[in-house]
1. Of the numbered conditions (1) among the small types (Gly, Ala, Ser); (2) over 16 Å from the mean Cα position of the chain (by Cα); (3) more than 21 Å from residue 122 (Cα to Cα), residue 154 fails exactly one; give the number of that condition.
2. Does residue 210 meet the test of being free of Cβ contacts under 8 Å to residues at least 60 places away in the same chain, in the same structural domain as residue 89 (by TED's automatic domain parsing) and not in a helix (DSSP H, G or I)?
3. State the number of residues belonging to the stretch 143-161 that are modelled with pLDDT under 90 and under 18 Å from residue 204 (Cα atoms).
4. When you go through (1) touching a residue at least 12 places away in the same chain (Cβ under 8 Å); (2) surrounded by fewer than 18 Cβ atoms within 10 Å (Cβ to Cβ) one by one for residue 167, which number turns out not to apply?
5. May I ask you to verify whether residue 130 is outside any strand (DSSP E or B), of a type outside the set (Asp, Glu) and in contact (Cβ under 8 Å) with a residue 60 or more places away in the chain?
6. Which numbered condition trips up residue 34, out of (1) over 28 Å from residue 137 (Cα atoms); (2) of a type outside the set (A, V, I, L, M); (3) at pLDDT below 95?
7. So which residues in the stretch 6-22 are under 25 Å from the mean Cα position of the chain (by Cα) and in contact (Cβ under 8 Å) with a residue 60 or more places away in the chain, if there are any at all?
8. Taking residue 190, is it assigned to a loop (DSSP other than H, G, I, E, B) and small (Gly, Ala, Ser)?
Amino acid sequence: MLIDDEAAAREHLRARLSEVGGEVHLLHEATNIEEGERSIANLKPALVFLDVEMPGGDGFELLRRLGKWDFDVIFTTGHAHYAIQAIRFSALDYLLKPVQADELRAAIERHRERQGHSLAEVQQHFLANVAARDEQALKLTLTHGGRTHTVAPSEIAWCQADDNYTALHLVDDRRLVSARTLKDYDEMLAPFGFIRVHKSALVNRRHVDGLDAEGRVRMHNGTRVEVSRRRMEEVARELRG
């Protein structure tokens, strides 16, 4: 199902979906959240492409009304930085308008991978992030070892790349693994004082004591994190600031 007030946006997404072939069956197109809510109840879609900003109530409001939902959601948006942060922090999916075919295919593949997984905790964490209305209050949603965790950026000491995964080292010495790249976390956590010190490492400056004699970052808990030679000057400057 598509829920978007802009006819041109629906037409564009419909065309991209047709390129996916018989993998997607379009049930309905709704133009506002009231119509969307009725159509969801009647048609019970497996996947909803939901516009973030619409007159009369945004896509977040629709999900707040539902409280919980038994379908997957891929948000579509043309802007709204806070909205994107809330979605990413909550481990949900989004596409930027105009939707590109390759990004759509990747999003549908991620939807397939999520099928059969319980998303109840993820949904509640998302609603809490949206309700905060403050980027600094956002919490990351992580699924690790069959459990879902919420982690505030302040609880993360540093992040370490592990192929296409990222290991998050928390201040309480827990280690959680996320199916996101370090690049993703670099983008999400930069506003929270995180510094990229190496192609495979990101540190939270609030948990850094300084640089040791060998030019490594010295964390509060004694961990040493390597700094790449080309980033050394920039890292030293940022830590002084």
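The values are calculated or read from the model by the stated rules, or taken from the named source; none is laboratory data. Bear in mind the structure is a predicted one, so any value in this text is a computation, not a measurement. When we count neighbours, we look across all protein chains shown, and the Cβ atoms used for this are built from the backbone with ideal geometry, even at glycine.
1. Going through the list (1) among the small types (Gly, Ala, Ser); (2) over 16 Å from the mean Cα position of the chain (by Cα); (3) more than 21 Å from residue 122 (Cα to Cα), residue 154 breaks only (3).
2. So residue 210 does not fit the description; no.
3. 0
4. (1)
5. On the way: outside any strand (DSSP E or B): yes; of a type outside the set (Asp, Glu): yes; in contact (Cβ under 8 Å) with a residue 60 or more places away in the chain: yes.
Against the criterion (outside any strand (DSSP E or B), of a type outside the set (Asp, Glu) and in contact (Cβ under 8 Å) with a residue 60 or more places away in the chain), residue 130 qualifies.
6. It is condition (3) that residue 34 fails.
7. The answer is 9, 12, 13, 16, 17, 20.
8. Numbers: assigned to a loop (DSSP other than H, G, I, E, B): no; small (Gly, Ala, Ser): yes.
Judged against the criteria, residue 190 is not a match.
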